[in-house]
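Readers should treat all values here as calculations from the given coordinates under stated rules, not as data from a laboratory. Owing to the predicted nature of the structure, the values given are computational and were not obtained by experimental measurement. For neighbour counting, all protein chains shown are included, and Cβ atoms are generated from backbone atoms with ideal geometry for every residue, glycine included.
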Amino acid sequence: MKTIPLLAISFLVAILVSAIGIISVQNAAPVSLNFIFFQSIQMPVGVVLAMSLSAGLIGGALLQPLWNLSDSQNSRPKFQANPEESDTVQY
């Protein structure tokens, strides 16, 4: 059951990497990022996009265990009906 989500995630990452490659070839002019009064060095748009994507993927992978996102579905109490206490009638 886990192969389909993993395949979808791999497909999505492949599309993003391809898009970054295409954009970086088309936009080879260097850019610099400005945040308040900080300014980064000049680098191509593709490098900026690749660094942003990798920082997001690594940050999400590191924060997932801290937030217990993988165990959130398994931590729900499961309903277990007791046949002796149920209101259904057996014929």
Sites matching chymotrypsin sites (Phe, Trp or Tyr not before Pro) across the range 22-55 that sit in DSSP coil, with at most 16 neighbouring C-beta atoms within 10 Å = F37
query = What is the extension gain from F11 to N27, computed as 0.36 nm multiplied by their sequence separation minus the C-alpha to C-alpha distance, in nm to one decimal?
reply = 3.4 nm
